[in-house]
Structure formats: C-alpha cells, structure tokens
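Accompanying notes for the structure given below.
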Amino acid sequence: MKDVGKDNNHMNTLLAKERAADPIIGNVARGQNFLNGLLANRRIRGAVVASPLLVLLVGFLIIPLSNIVWGSVEGTKLNFAHYARIFSDEINFNIMLHTLKIGLIVTVLSLGAAYPVAYLLTKMGSRAFSIVSVFILVPLFTAFLIRTYAWMIILGREGPINNALIWLGLVSEPLPLLNTTFAVIVGMVHVFIPMAIFTMYSSMARINHDFARAAQILGAKPVQAFVRVYLPMSLPGVFSAGILIFIVAIGFYITPALLGGPRDAMISQQIVTQMTTLLNFELSYASSVVLLLVTIATLFLASLFIPLEMIWSSATIEPSNRKISERSRLLSGAKRAFHPILSLFEAFAHVVTKRVLTQQSRWLWTYTTVILVFLTAPLIVVVLLSFSSSPFVVFPPPGFSLQWWERLANATDWHTSFLFSIQLGLVAALFATLIGTMGAFWLVRTTLPIKRPLFLFSLSPLMVPVVIIATSLYIFEARIGLLGSFAGLVIGHVLLSVPYVIVVMAAALRGFDRSLESAAAVHGARPLQVLRLVTLPILKPALWTGGLLAFLTSFDELLISIFLLGRQTSPLPVKFWGDIRFQLNPLLSTASTLIVALVTVSILTAQWIRLRHEQRTAISASK
Amino acid sequence: MSTSLEMKKIQKFYGALHVVRDFDLYIEPGEFLTFLGPSGSGKTTALKLIAGFETPSGGDMLLGSRSIVDVPPYERGIGMVFQNYALFPHMTVVENVAFPLTVRKAARSEVEEKVLRALQLVKMDQYRDRYPNQLSGGQQQRIALARAIVFNPSLLLMDEPLGALDRNLREHMKIEIMRIQKELNITVIFVTHDQDEALVMSDRIAVINEGRLVQVADSKSLYYSPQDRFVASFVGESNLLPCRVNQIENGTGTVTIAGRANGVARLSGQSGGESGWLFVRPEHVDISPRGATSTAQNVLDGVVEDALFLGEMTRYTVRCGNETMTVKQQNRGQPHFAGKTPVTVSWDADRCTVLH
C-alpha cells in the first residue's frame with residue numbers, strides 16, 4: 001500500500017506543471033526502471049529479443065550441419081570419394097531416383113486431391129467451415145506414426161480391404177498390399193492431403209470470388225471463369241503447397257519404412273541405416289548433403305516463382321504489382337501458343353460440366369465428403385480395433401471387448417512413456433513459445449534491411465529434412481557431451497517447433513495495431529506494462545496456437561527422439577515405433593485411440609478459444 | 001489542470017526528409033489549438049513529437065516549464081485520442097478508461113470514482129461492461145475521449161478523431177468535444193485536415209504546409225486575412241487573381257487585375273511594381289447584369305459559365321478573360337443569371353488583399 005501511495009504521489013507530481021525535475025521518478029521500483037530504460041533503446045531491445053533464437057539456430061542447426069558437410073569430405077582431406085559412391089553405385093543412385101520419383105508422385109496426387117477441397121473451403125459459410133476443418137485438422141495433427149499404423153492395418157493380410165475382396169469373392173488369396181510402393185504412396189498421400197488443403201486454402205482464401213463472378217457477367221462460361229481467372233490466381237498457392245510437400249516427402253522416413261518393401265527404401269532410410277547399423281558415417285554424411293542440396297535446389301527454383309516465405313506462412317506477402325519480366329513474357333507467349341487447345345478444352349469441359357455445375361456445387365460437396373472419409377476412416381479403423389476381442393490385428397474385429405483398454409490401463413511402460421512425452425512436450429513448447437515469440441517480435445519489428453532473409457533463416461528448421469537435423473544433432477551433441485541428456489532432447493524438439501511459433505506469432509504481430517501500444521504508452525504505461533497489459537493479452541490466442549503447435553510437434557516427433565534419447569524413458573512415438581516393428585497388436589490401437597482423442601479435444605478447444613476471441617475482438621475492423 | 005506547451009525551433013528529419021521545420025509555437029493553458037494542413041504536411045508528425053513517439057532532431061519542447069524532449073511518453077502525462085481510437089479490444093469500457101490510472105497504480109476507490117466521472121462526462125456510463133467492438137463508432141470515440149481525460153492530463157492531443165464518423169455524428173461530436181474542453185478547461189491540440197472542424201472548434205489554428213507553420217491565428221483572422229496563397233486556398237474557398245501593384249497609399253494600393261482592369265486592394269507588404277495575387281472570398285463578390293453601375297472599386301466584366309443553385313445561395317462561375325471567378329450570392333429574390341449571361345462582378349477594396 002505504501003507503494004501505491006508513492007505512485008500516486010508520483011503521478012500527481014508528473015501532472016503538476018510546475019515541478020520540472022521530478023525526484024520521485026527514481027524511487028519507483030528502481031530495478032524495473034532500469035529494465036524499462038534498457039528496453040527503451042531499440043538496439044539493446046533488438047539484441048535481447050533476438051539472441052535466444054539466433055543462438056538456437058546457429059548453435060544447433062548451422063554448426064551441426066557444417067560438421068556434416070565437413071565430415072562428408074573427411075575434413076581437410078577433401079575426399080569426395082563418398083559422393084562418387086552415391087552416384088556410381090547403382091543401388092545408391094537408384095535410391096536417389098526412387099526418392100525423387102515417390103516425392104513427385106505423392107506431391108501431384110496430394111495437390112490434385114486437395115485442390116477441390118481447398119476451393120470449397122473458401123466458399124463455405126463459417127459454421128460449415130469450422131465443422132469441415134475439424135475433420136481435416138484431426139488427421140493433420142495425429143502423429144504420422146499412428147496414421148501409418150492405421151494403413152498397416154487396412155492394407156494388411158487380414159485388413160478390411162483384403163477381407164472385403166475375399167468376401168466378395170473377387171480374390172481367393174489376400175493380396176500383398178502391404179510392403180509395396182503402392183502402400184507407400186497411399187500412406188504418404190494420406191499424410192500430405194491435409195497439409196495440401198490448408199496450405200492452398202490459406203492463399204486461396206484471399207482470392208475474391210467476385211473476380212470469377214465479374215468474369216461470368218462479362219460473358220465467360222463458368223469453366224472459362226474458373227480456368228482463366230480463378231485458377232491462375234490460385235496457382236502460387238498450389239505451387240507453394242507443392243514445394244512444401246515435395247521437400248517434406250523426399251526427406252520422409254516413417255511411412256516408407258513401415259509401409260514399403262525392401263525395394264522402396266528412400267534416401268532418409270539409407271542415411272539412418274548407414275549411420276546406425278552399417279556405421280558408415282562418411283557415406284551417410286554425403287547422402288545427407290545430397291538430400292540437403294536437392295532440397296535447397298528445389299527451394300531455389302521455387303524462389304524464382306514465388307516468395308519463399310509464402311510456403312510456410314501465406315499471411316506474409318501480398319502479391320505486388322510486379323514488373324513484367326522476361327519470364328512472364330515467355331509464359332504469356334506459351335499461353336498464346338496453347339490458346340486454341342485451351343479454347344477447345346474449355347468448350348468441351350463446358351458441355352460436360354454444364355449440368356453439374358448449376359447444382360450449387362453439390363458435386364464439390366460430394367467429392368469433399370469422399371476425401372474427408374478417406375482422411376478419417378483410418379483413424380476410425382484404429383478406434384474400432386481398440387475394442388477388438390481378438391489378440392491379433394484383424395479387421396473387422398470378431399467381437400467387442402475392453403481387454404486392450406485393460407491391458408493399457410495396466411501397462412506401466414506405456415504410462416511412463418506417456419508421462420515423459422507430456423513432460424517433454426510441455427518443456428519444449430514452453431521454450432519454443434518463449435524463443436519463437438521473442439524472435440517473431442524481432443523479425444517483424446526490426447528495421448534491419450535484411451528482414452526477409454532473416455525471416456527465411458528462422459524457418460530453416462522446416463526446410464532441412466528432419467532426418468538430417470536428427471543425425472547432425474546426434475553427432476554434434478555426442479561431441480559436446482549433451483547426447484542422452486534431457487536438455488539435449490529438449491533442444492532438438494525446440495529447434496523443430498520454434499518455426500511454427502514464429503510463423504503464427506509473426507502473422508499475429510503483423511496484424512497487430514501498433515497504435516494500441518502508443519495509446520498505452522502515452523497514457524502512462526511503461527514498456528513492460530505495455531507488454532503485460534496490452535500486447536501479450538491481445539496476442540494470447542496466437543500464443544496458445546503457437547504453443548499448441550509446438551507441443552504437438554514435440555509430441556509427434558520420432559526421428560530426433562530416436563537419435564537423441566540415449567538411455568532415457570522412451571517418449572510415446574519411440575515406444576510406438578519399437579512396438580510397431582516387433583509386435584503389431586491391438587494395444588497400439590488403444591494407445592493411438594487415446595492420442596487421437598487427446599488431439600481432437602485440443603483442436604476443439606483451440607477452435608472454441610479462437611471463436612470466442614473473434615467474437616469478442618472482431619475489433620473495430622467491422623466498422 | 002491545464003498546462004502550456006511551448007515548442008522552440010523543433011525540427012524533425014526522416015533521413016534527408018525535413019518533415020517538421022522550425023516549429024515555434026506557444027500554446028496557452030486551456031487553449032484549443034488546431035494543427036490544420038493537407039495530408040503529408042507534417043501535422044501528425046508534430047503531434048507524435050509532442051506525444052513522445054518520435055524524438056525531435058532539434059529544438060526544445062516545454063510542457064509547463066519542464067523540458068520534455070528526453071521524457072518518454074509514459075512520463076509525460078499527456079492524454080491522447082487516436083485516429084482509429086486505439087481502444088484495447090480485450091478490455092471492457094471500464095477497463096479501457098481505467099487504464100491510465102491502473103498503470104499508475106492508483107488506489108481502487110480513486111480509480112472507480114474518476115472512471116465514473118469521466119464516463120458521465122462523455123455520457124457513456126451505462127455502457128460500462130461492453131467491449132469496444134460492441135460499440136458504434138461514435139460511442140468508441142467517446143470512450144477514447146474518456147480514457148484520454150480520466151487522469152486529468154496536462155494536455156490533450158487529438159489526432160483526426162472525427163475522421164471515421166459519419167457527417168451527422170461528426171457535427172454532434174464537435175459540439176461535445178468543445179463542451180468537454182470548456183468544462184475541464186484543458187489544453188487541447190487537435191489535428192485535422194478538415195477546415196470546417198478547425199474553424200468551428202479552435203481558439204487558434206496553426207496552418208501547416210510542407211512541414212512549416214504557415215500561419216497561426218484565430219479562425220476569423222485566418223479566414224479574412226490569410227497570410228499567403230496557400231492559406232487562402234486551403235482555408236475556405238477563395239479567388240486568387242494575378243495582379244500587379246501600381247501605386248501605394250497608406251496600406252492600400254492601386255492594382256492591375258489580370259492585366260485587364262484597374263482596382264484597389266489592401267497590401268500585405270508589397271512595394272510598387274511588384275506582382276502578386278489578389279485574394280477575395282466568393283461571398284464578398286457581387287454579381288450584376290453587365291453595364292449596371294457599381295460603387296465598388298474593383299470591377300470586372302465576364303460571362304457566366306456555370307450557375308449552381310444550392311438553396312440558400314447560388315454559386316456562379318464567371319469567366320473574366322483568362323481567369324475564372326467564383327461568386328457566391330445569397331438568394332434573396334434577386335435575378336438569377338443563367339449560363340452565357342454577360343455580367344459584371346465587383347467587390348470593395350477592403351474585402352481584398354494582395355498576397356505574395
């Protein structure tokens with residue numbers, strides 16, 4: 001209370017016009033004043049806010065990666081023999097080609113399947129949108145491992161597909177669906193469709209449908225309006241989604257390892273095998289560098305056509321009125337050449353689709369429902385299997401029982417894994433949110449001219465294939481003695497989840513009305529008070545979203561944990577990974593069901609928080 | 001509690017851009033002063049300098065007798081209404097208004113009392129627990145005003161606060177703001193590009209153009225005796241005709257208007273033989289049929305180009321050689337001149353001034 005009196009006094013003296021030098025200012029919480037004073041200096045503030053992020057990225061990504069590159073040529077020996085082995089050895093080279101081929105197929109299929117859904121999402125009412133988006137978000141945030149496990153059941157010898165085919169009498173023997181390239185592709189497409197939908201949706205949502213309407217009133221048939229107006233405007237979004245999927249796909253580990261056969265090995269599996277079983281470190285380094293170079297080349301190519309940050313956060317770049325470059329002149333030349341074919345196609349498509357298109361996009365809804373079923377059915381299979389009475393993975397289950405739930409309730413190894421995962425996730429999310437939020441503040445508000453490259457750099461953990469991050473950190477942490485420690489594990493998880501926090505917070509900060517901070521400051525709030533009372537509360541939904549994303553990233557993370565774990569308790573994904581390969585039983589379904597339920601609940605909660613927040617702070621934007 | 005504000009040779013550079021030049025201004029305690037200027041003239045920057053969001057590149061600024069150049073915004077004790085109101089979207093009306101007091105850690109009873117008083121002053125006390133987005137634009141404006149005055153600031157800054165309101169509401173809020181200013185006897189600096197707002201509300205108006213204070217004067221002298229062409233054309237409507245000064249007799253001079261007619265006008269420091277611009281307000285110009293005799297010293301012949309009937313008056317555009325003149329005539333039953341009618345326009349010597 002004494003403090004209050006002092007502060008009042010302080011305020012009054014401030015307001016009193018005559019007293020020039022105010023002796024009380026120095027008395028009020030001297031420490032805080034010192035901090036406020038420091039924060040008032042823009043450079044110091046920038047350094048304080050930026051350093052955790054920079055230390056993390058340089059110390060635990062750039063340096064380990066440089067070690068790998070250095071190691072791949074055996075340091076100063078500059079021995080390129082390992083690279084030669086990759087390209088001369090037929091097996092190694094074929095693995096490369098196979099990786100690229102799978103990546104391409106999966107990318108094209110995911111984009112094609114997802115485009116109509118993303119398009120429909122832009123046309124939906126807000127209620128329909130929140131329902132449909134839950135059906136996409138739940139698969140999106142369910143661990144790759146669980147989704148892959150579901151496909152192992154579905155495609156298995158006694159899975160629903162084989163059982164149905166036999167029941168229909170179409171085949172007499174179960175088809176070997178599992179451990180084929182087909183299985184890999186189906187599994188990966190299933191993994192990437194939700195990603196494709198949301199990436200494309202977020203850029204397509206900004207395209208005003210009035211453009212297409214305007215085209216129609218000007219005489220374009222619906223097909224023409226779509227092909228000539230909407231589609232070209234949506235292409236950057238499609239392209240960026242494609243790049244995202246491609247670079248994740250070529251570094252993918254879980255799905256090809258579990259669903260593919262021996263001939264379906266992809267480069268990431270090779271890297272892991274070389275490092276962990278064959279102990280051929282240099283070759284695995286070289287493979288890593290090749291994979292990294294392919295990724296960088298892809299991104300470089302992409303950067304010629306779209307601003308790169310668009311791939312991860314569509315909210316950043318507005319298409320500016322670009323100058324007409326050589327390239328686009330070339331494109332328009334090509335367009336002119338193709339024009340007759342295009343017209344023919346349009347006329348044909350118009351005749352074919354005329355009848356369907358008039359029915360208020362019913363066919364789009366039908367298609368979307370099919371995709372949603374495709375996305376959620378595997379999860380439902382997993383849930384149903386958890387109530388199976390059979391000791392084996394048979395679908396449909398022969399009967400109902402709770403035996404697997406009882407088993408799970410008594411399985412202490414699962415309990416400790418679960419608790420450890422939660423603990424790890426919370427700690428990682430906490431640090432990621434802290435570091436990411438500070439970093440986002442710096443990245444958005446810095447006046448440095450290299451703002452854009454810095455932002456891209458901060459997203460680099462998303463660009464580098466996870467398998468490379470995992471192996472390089474493994475080597476690096478072993479060298480500095482962090483390997484196998486909780487801190488070492490947390491660092492790996494934070495590194496992976498920090499970019500998500502940055503993307504979310506940067507978008508929120510860009511939309512943040514800075515006059516609110518000015519208003520707080522002029523009405524007497526010190527920098528820390530502004531942060532605590534105004535900035536952070538308004539950014540709260542974004543903070544929760546970022547934190548949740550970070551938590552889920554850590555909760556789902558497998559590769560980094562495998563490499564950095566040491567002798568600690570296995571987190572859930574590692575436990576899962578171990579069991580899936582040695583004893584495929586319904587207990588995994590039960591554990592998965594629990595996780596799916598948790599994910600669903602957290603997504604519903606997040607949606608609810610977002611809705612409530614939007615209702616309250618639709619802000620003055622409505623006016 | 002009102003305080004004076006003095007700006008001494010205040011400068012602000014953005015890189016090589018000189019956005020505020022040589023601001024020398026003394027604002028008296030309790031005065032309502034308006035910064036009036038076109039967009040990009042530097043008026044908002046000047047306001048930011050006063051609020052402390054920007055640091056001046058040179059000069060000094062005194063709030064009362066205390067220099068505030070190095071004082072951060074949160075220690076200046078200034079109230080401010082922002083252009084978009086900047087109400088905190090996550091706080092209720094009460095929390096918003098209480099903000100300046102809570103960050104200063106005022107006692108709860110004091111906060112309650114002052115918030116209630118401020119809300120009563122802006123007639124918003126029944127909206128206490130709403131969130132800003134549940135209020136209309138005019139209501140948000142009132143809350144922003146309440147928040148800015150609740151802690152008895154020494155100075156109140158208003159940055160184009162009426163810009164987002166519709167016309168009727170704007171008229172109403174003008175009166176409200178003036179009432180509240182008088183009631184609190186608070187020093188106000190008001191920024192606008194709208195001359196009507198400036199003329200109605202201000203004790204004095206500081207016209208700003210290209211970063212410079214062009215003229216600081218009360219509404220009437222600004223309107224009737226603008227100091228230069230910019231002020232003349234920016235504040236109210238005006239006719240500016242090229243002219244040359246011939247002879248000078250105690251403050252007035254004989255002039256040649258547009259190279260075709262002789263007249264008499266007040267001078268603003270010109271010497272004989274100098275050319276300038278003859279300034280006359282449209283409502284001070286009479287219009288009569290060609291050939292009618294006039295007692296006015298300045299007479300020009302012309303042809304009506306356009307006649308707009310506006311109800312209480314008619315607005316003529318009259319072509320006189322190369323120049324066009326705007327004439328506003330109260331409608332009191334005089335003859336109406338249709339287009340292409342030859343007319344004579346005339347005005348008295350003491351209604352017009354030669355400007356540089």
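For the reader, a short list of remarks on this structure follows.
- By the Cα gyration tensor, chain A has an equivalent ellipsoid whose semi-axes, rounded to whole angstrom, run 43, 34, 28 from largest to smallest.
- When chain A is described by a simple charge dipole with +1 on each Lys and Arg Cβ and -1 on each Asp and Glu Cβ, the residue from A:GLY169, A:GLY425, A:HIS82 located farthest towards its positive end is A:GLY425.
- Interatomic Cα distance distribution for the stretch A:195-253, bins of 5 angstrom, percent: 4, 20, 21, 17, 14, 10, 6, 4, 2, 1, 0
- Scattering profile of the stretch A:554-609 at q = 0.12, 0.16, 0.23, 0.26 Å⁻¹ [log10 I(q)/I(0), Debye over alpha-carbon scatterers]: -0.36, -0.59, -0.94, -1.04
- Computed label-point distance, nm, for sites A:PHE486 and B:MET178 using a 7 Å Cα→Cβ extension: 7.0
- The share of alpha-carbon pairs in the stretch A:457-499 lying farther apart than 11 Å comes to 64%.
- Sites B:HIS336 and B:LEU240 - FRET efficiency at Förster radius 25 Å, r taken between beta-carbons, to 0.05: 0.45
- Here the stretch A:352-464 yields Rg over Rh of 1.21, to two decimals, using C-alpha coordinates and the Kirkwood radius.
- Largest to smallest in accessible area, the residues B:ARG332, A:ARG610, A:ARG567 fall in the order A:ARG567, B:ARG332, A:ARG610 (1.4 Å probe, all protein chains included).
- Length gained when the stretch A:LEU278-A:ALA347 is fully extended (0.36 nm per residue, less Cα-Cα span): 18.9 nm
- Descending principal axes extents, the stretch B:151-268, alpha-carbon based, whole Å: 59, 29, 25
- Partners of B:LYS12 within straight-line reach, counting aspartates and glutamates whose Cα lies under 17 Å from its Cα and excluding those fewer than 8 residues away in the same chain: B:ASP22, B:ASP24, B:GLU54, B:ASP60, B:ASP70, B:GLU210.
- Per residue, the convex hull spanned by the Cα atoms of the stretch B:1-140 measures out at 144 cubic angstrom.
- Label-point gap, in nm, between A:PHE34 and A:ILE131 - each point 7 angstrom along Cα→Cβ: 6.0
- Rounded to the nearest 10 degrees, the angle from helix A:412-445 to the longest Cα principal axis of chain A is 50 degrees.
- Ranking B:LYS182, B:LYS43 from most to least accessible surface, computed with a 1.4 Å probe over the protein chains only, gives B:LYS182, B:LYS43.
- A Cα-only calculation for the stretch A:469-552 places Rg and Dmax at 18.0, 53 Å.
- Cα long-axis angle, helix A:536-556 against chain A (0 to 90 degrees, to the nearest 10): 30
- Over the Cα atoms of the stretch B:249-356, the radius of gyration divided by the Kirkwood radius equals 0.99; this is the Rg/Rh ratio.
- Separation in nanometres of the label points that stand 7 Å from Cα toward Cβ, at A:ALA84 and A:VAL48: 5.7
- Placing a label point 7 Å from the Cα of A:ASP513 along the Cα-to-Cβ direction, the residues of the stretch B:164-185 whose backbone N falls under 12 Å from that point are B:164.
- Listed residues A:TRP544, A:TRP363, A:TRP414 arranged by accessible area, highest first, probe 1.4 Å: A:TRP544, A:TRP363, A:TRP414
- Cα-derived Rg to Rh of the stretch A:474-623, Kirkwood definition: 1.11
- Options A:GLY219, A:THR535, A:LEU292, ranked by Cα towards positive dipole end of the protein assembly as shown, top entry (Cβ charges): A:GLY219
- In a reduced charge model with +1 at each Lys and Arg Cβ and -1 at each Asp and Glu Cβ, the protein assembly as shown shows a dipole moment near 780 debye about its Cα centre.
- Estimated FRET transfer efficiency (A:PHE211, A:LEU304; beta-carbon r; R0 22 Å; 0.05): 0.30
- Sites B:ASN185 and A:LEU104 - FRET efficiency at Förster radius 45 Å, r taken between beta-carbons, to 0.05: 0.05
- Separation of the alpha carbons by more than 18 angstrom is noted, of B:LYS48/B:LYS123; B:LYS123/B:LYS174; B:LYS8/B:LYS48; B:LYS9/B:LYS43, for B:LYS48/B:LYS123.
- Think of the stretch B:158-254 as a dipole: +1 on every Lys or Arg Cβ, -1 on every Asp or Glu Cβ, centred on the Cα centre; then among B:ASN239, B:ALA206, B:VAL188, B:ASN239 lies furthest on the positive end.
- Gap separating the Cα centres of the stretch B:1-38 and the stretch A:99-163, nearest whole Å: 62
- Kirkwood-Stokes translational diffusion coefficient of the stretch B:194-238, alpha-carbon pairs, 10 °C, 1.306 mPa s, µm²/s: 154
- Note that the stretch B:21-73, at 10 °C in a medium of 1.306 mPa s, gets a Stokes-Einstein diffusion coefficient of 131 µm²/s from its Kirkwood radius over C-alpha pairs.
- To the nearest 10, the accessible area of B:HIS336 is 100 Å² with a 1.4 Å probe.
- Ligands, DNA and RNA aside, B:ASP166 has an accessible area near 100 Å² when probed at 1.4 Å.
- Counts of other chain beta carbons within 10 angstrom of each beta carbon in peptide B:127-134 average 3.
- Stretched out straight at 0.36 nm per residue, the stretch from A:ILE91 to A:ILE62 would grow longer than its current Cα-Cα span by 7.4 nm.
- Treating each Cα of the stretch B:34-112 as an identical point scatterer and summing with the Debye formula, the log10 of I(q)/I(0) at q = 0.14, 0.21, 0.22 Å⁻¹ comes to -0.63, -1.08, -1.12.
- Charging the Cβ of each Asp and Glu at -1 and of each Lys and Arg at +1, and nothing else, the dipole of the stretch B:23-121 about its Cα centre rounds to 240 debye.
- Computed from the alpha carbon positions, the gyration tensor of chain B leads to an equivalent ellipsoid with semi-axes of 47, 25, 15 Å, biggest first.
- Rounded to 10°, Cα long-axis angle of helix A:30-40 versus longest principal axis of chain A: 60
- Rounded to the nearest 20, the size of the Cβ-charge dipole of chain B about its Cα centre is 300 debye, with Lys and Arg at +1 and Asp and Glu at -1.
- Principal axis analysis of the Cα atoms in the stretch B:87-191 yields extents of 39, 31, 20 Å, listed in decreasing size.
The values are calculated or read from the model by the stated rules, or taken from the named source; none is laboratory data. What you see is a predicted model, and the numbers here were worked out from it, not measured in a lab. Glycine gets a Cβ as well: all are built from the backbone with ideal geometry, and neighbour counts include every protein chain shown. Remember, those area values only see protein heavy atoms, side chains included, never the ligands or the DNA or RNA. Shrake-Rupley method; radii C 1.70, N 1.55, O 1.52, S 1.80 Å.
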